[in-house]
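First the structure, in the form of structure tokens, and then the observations on it.
All of the numbers you see were taken from the coordinates with simple rules; none came from a lab. For clarity, every value in this text was computed on a predicted model and none was experimentally measured. Ideal geometry is used to build each Cβ from the backbone, glycine not excepted, and the neighbour counts take in all protein chains shown.
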Amino acid sequence: MKTTAPEELYERDFYAWTRDQARALRRLAQARPNDAAVDFVHLVEEVRDLGRSERDAVRSHIRTIIEHLLKLEHSAAREPRAGWIISITRARVALEDKLTPTLRRDLAANLDRLYAQARQQASVALRVHGEAGAAAALPVQRPYTREQILSDEWLPIDRSEPLP
């Protein structure tokens, strides 16, 4: 089995690199417990947190996309639709730079949970804006595939309709 050089992994999959480097730093700390010049405990924590920040950013973008897809599909409101489409587009573009192979696997493993969270956010927003019926109509089970959520070309509305 071919191992990947840390430099190559850093470029290809930053999240996986942070996890690998945190493990390597833990091993180094165990091998050199008297090296007082290096704060291994905090260094490991910071490297691990860099990866978590990337993962959390990906999850946040996914929740935003799903929330706004749900609003587009279920809200009768006309005015905010263009804003929701812009928000979806921005989140999808941001994901292009962040979705590494490891984070794609994380997304696949957590997509139903992220959907439930986004559904809750959409429900609250719809209710606050007087659309309790639309909030109640939001599907409990995820109606969108991962490919639809990430696709630059897909929205759950007829694109030929003019936006306000």
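Between Arg104 and Trp154, the FRET efficiency estimated from the beta carbon spacing at R0 = 22 angstrom works out to 0.80.
Charge tally around Ala118: other residues with Cβ under 12 Å, Lys/Arg +1 each, Asp/Glu -1 each, net +4.
Using the Cβ-Cβ distance between Arg113 and Glu79 with R0 set to 35 Å, the FRET efficiency works out to roughly 0.65. Phi angles of segment 135-146 translate, via the Karplus equation with coefficients 6.51, -1.76, 1.60 and θ = phi - 60°, into HN-Hα couplings of 4, 5, 7, 5, x, 6, 8, 4, x, 10, 7, 4 Hz per residue; Gly and Pro are given as x. Think of it as helices only: each DSSP H run of n ≥ 4 in the chain is worth -39500 (n - 2.57), and spread over all residues that comes to -23500 deg cm²/dmol at 222 nm. Spin-label model, Glu7 to Leu43: label points 7 Å out along the Cα-to-beta-carbon direction sit 2.0 nm apart.
Write out the trypsin sites (Lys or Arg not before Pro) in segment 57-107 meeting two conditions: DSSP loop, and at most 11 other Cβ atoms within 10 Å of their Cβ. Numbers along the way, then the final one.
On the way: sites: Arg59, Arg63, Lys71, Arg78, Arg81, Arg90, Arg92, Lys98, Arg104, Arg105; in loops: Arg78.
Those satisfying the criteria are Arg78.
Projected onto their three principal axes, the Cα atoms of segment 6-150 cover extents of 64, 27, 25 Å, largest first. With θ taken as phi - 60° and the Karplus curve 6.51 cos²θ - 1.76 cosθ + 1.60 applied, the whole-hertz 3J(HN,Hα) list for segment 59-69 is 4, 5, 4, 5, 4, 4, 4, 4, 4, 6, 5 Hz, x standing for glycine and proline.
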